[in-house]
Amino acid sequence: MSLLTGFSRIWVGHHYPSDIIRSLFVGSLTSIIVEKVFGSLKIMSRKTKKCHAPIRK
């Protein structure tokens, strides 16, 4: 869907192709960084829940 949106913005003249390529790069880099940061937090959260589950019962 984002590729179609990018193409349509180029087609109607709102953006240059370099704008779309840069936004693709920035969006991909941002999603990779967020996954690395919050993905590791999710794993740590699962490990702590397993450790504390017997205590709660």
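The values are calculated or read from the model by the stated rules, or taken from the named source; none is laboratory data. Since the model is a prediction, treat every value here as computed from it, not as a measurement. Methodologically, a virtual Cβ is constructed for each residue, glycine included, from the backbone with ideal geometry; neighbour enumeration extends over all protein chains shown. The protein model used for the area step is the full one, side chains on, heavy atoms only, and it has no ligands, DNA or RNA in it. Shrake-Rupley method; radii C 1.70, N 1.55, O 1.52, S 1.80 Å.
Data overview
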read-out: Single residue of the range 8-40 satisfying the filter (among the hydrophobic types (A, V, I, L, M, F, W, C) and touching a residue at least 12 places away in the same chain (Cβ under 8 Å)) that is least open to solvent (accessible area, probe 1.4 Å); value: ILE20
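Residues are listed down the side, and each one gets a yes or a no for (1) modelled with pLDDT of 90 or more; (2) part of a helix (DSSP H, G or I); (3) more than 30 Å from LEU3 (Cβ to Cβ):
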| site | (1), (2), (3) |
| --- | --- |
| ILE21 | yes, yes, no |
| LEU29 | yes, yes, no |
| ILE32 | yes, yes, no |
| GLU35 | no, yes, no |
| PHE38 | no, yes, no |
| MET44 | no, yes, yes |
| LYS49 | no, yes, yes |
| ILE55 | no, yes, yes |
